[in-house]
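Taking it in order: structure first as C-alpha cells, then the write-up.
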Amino acid sequence: MLWKSCYRIVMDFKQSRIALSTGVELDIWTLGDPAKPPMIFLHGFPESHRTWAHQMMGLADRYWCIAPDQRGYARSSKPPAVADYMVPNLVADIFALADALDIDTFTLAAHDWGGAIGWAATLTRPERVERLVIANAPHPYIYQKTIIEDLDQRRACQYIRTFRGDALEKRIAENGLEWFFEHSFMRHLEASAVSDEERAAYLDEWSQPGALTAMFNWYRASPMDVPAMDAVIETTEFLQKPFPKLHIPTLIVWGMKDPALLPCQLDGIEDHVPNVTLVRIEDAGHFSPWEAPEAVTKAMQDWLP
C-alpha cells in the first residue's frame, strides 16, 4: 500500500510557518515550483497536511502544492475558545494564507472537515477559487437535509454528538492516545493500513498541548444540527434559508465504502453544483486520498487543466 511510504514522502516537502492576519500561525508544507499555478490542500479530522501527500507528489509537476496544518492541529496555533473554530474563522484562515503567499486565485482540494471549509470558502468567495476538488466531504445543504430525513445517515452521524461533548475527551485523557488511535481512528481502517512511522506521527501531533480539545472544537462550533435517533424533526433553520448554487468547476471524488458519509450525499448534487464531475471509487472508504491514492490522484490529474 502506497500509504505506508507517506511519512517518507512528506519528509521531502518544504516546511515553513506563517503568521496570518486572522491572528493564528499555521505550519505549511509545500511542494513544487511557486511560479506554477497554486493549489491549496485542506485536511480533515483527525489528520494533518499528510492527508494529501500522494496527490501533491502527483501534481507538483503542474502546480505549486500547499498544505497547511489547519488551526487547532499539530503544531499550528490553538485558540482556546470554541467560537474560534466557527466556520467563518476557519474559512478566513484559508484566504489569509493565500494573501500571505501573494496568491490571488487558486485551486482548492479538500477532504472531510477540510471539505466543509472548502465548500464554505467557494460558496462565499467564488472569485478567489478557480476550481474545487472534494474528497468525501458532503455538500452542506445535502448533508443537513439527509441528517434530518435519512435515518441511516442520521445514525451514521451520531458520533458527532459524542465528539461535541467532553466525555470522550476525558476518556482519552484516562486511557491515553494509543487507546484513541485503536478504538476510534483505526476502527475505520484495516490493521495494516497505517505504518509504524505514520502511527508515531499521528500520536505526536495529537499529543501537542491543546490539540485534542482544539480538534474536537471544530465539531462543537459546527452549525449542523444532528438530532438524536428518536428525535422528531422535519427541518432546521439552516434548510429554510435560500442556499446558493456553486458554479465553479468542481470535482468530487468519493470512496463509496465510507461508513460515516453514505452514498445519499451524492444524490442531487448536480442541482447544487451544476458544473460537477463525479468520480466514485468503489473500494475506498472515508479516507479516500490515501486509501486509494492512485485512483484519487489519477482522477485529479485527468480533470485538472
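The values are calculated or read from the model by the stated rules, or taken from the named source; none is laboratory data. What you see is a predicted model, and the numbers here were worked out from it, not measured in a lab. No Cβ is skipped: glycine too gets one built from the backbone with ideal geometry, and neighbour counts run over all protein chains shown.
Which of the residues that make up the stretch 229-244 are part of a loop (DSSP other than H, G, I, E, B) and loosely packed, with under 12 Cβ neighbours inside 10 Å? Give the steps one after another, and end with the answer.
Within the stretch 229-244, the subset part of a loop (DSSP other than H, G, I, E, B) is 229-236, 241-244.
Answer for the stretch 229-244, where residues must be part of a loop (DSSP other than H, G, I, E, B) and loosely packed, with under 12 Cβ neighbours inside 10 Å: MET229, ASP230, ALA231, VAL232, GLU234, LYS241, PRO242, PRO244.
Conditions (1) touching a helix residue (DSSP H, G or I) at 6+ places or on another chain (Cβ under 6 Å); (2) at pLDDT below 95; (3) under 30 Å from ARG187 (Cβ atoms), marked per residue:
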residue	(1), (2), (3)
GLU234	no, yes, no
LEU251	yes, no, yes
LEU261	no, no, yes
CYS264	yes, no, yes
ASP271	no, no, no
LEU278	no, no, yes
ALA292	no, yes, yes
THR297	yes, no, yes
ASP302	no, no, no
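The number of residues in the stretch 72-94 that are surrounded by fewer than 21 Cβ atoms within 10 Å (Cβ to Cβ) and under 21 Å from LEU251 (Cβ atoms) comes to 0. For the stretch 123-130, the criterion of a residue being assigned to a helix (DSSP H, G or I), out of contact with any Pro (no Cβ under 6 Å at 6 or more places or on another chain), among the hydroxyl-bearing types (Ser, Thr, Tyr) and at negative phi is satisfied by at least one position.
Only residues that are farther than 27 Å from TYR219 by Cα and in contact with a strand residue (DSSP E or B) (Cβ under 7 Å, 6 or more places away or on another chain): list them for the stretch 11-36, please.
Initial filter on the stretch 11-36 (farther than 27 Å from TYR219 by Cα): 11-16, 30-36.
Of everything in the stretch 11-36, those that are farther than 27 Å from TYR219 by Cα and in contact with a strand residue (DSSP E or B) (Cβ under 7 Å, 6 or more places away or on another chain) turn out to be PHE13, LYS14, GLN15, SER16, THR30, LEU31, GLY32, ASP33, PRO34, LYS36.
Please report, ordered by residue number, the strands (runs of 3 or more DSSP E) entirely within the stretch 1-89 with at least 3 residues that are modelled with pLDDT of 95 or more, within 30 Å of MET186 (Cβ to Cβ) and touching a Lys or Arg at 6+ places or on another chain (Cβ under 8 Å).
Numbers: elements: 14-19, 25-31, 38-42, 64-68.
The strands (runs of 3 or more DSSP E) meeting that bar are 25-31.
Against the conditions (1) closer than 26 Å to VAL226 by Cβ; (2) in contact (Cβ under 8 Å) with a residue 12 or more places away in the chain, VAL194 satisfies every one except (1).
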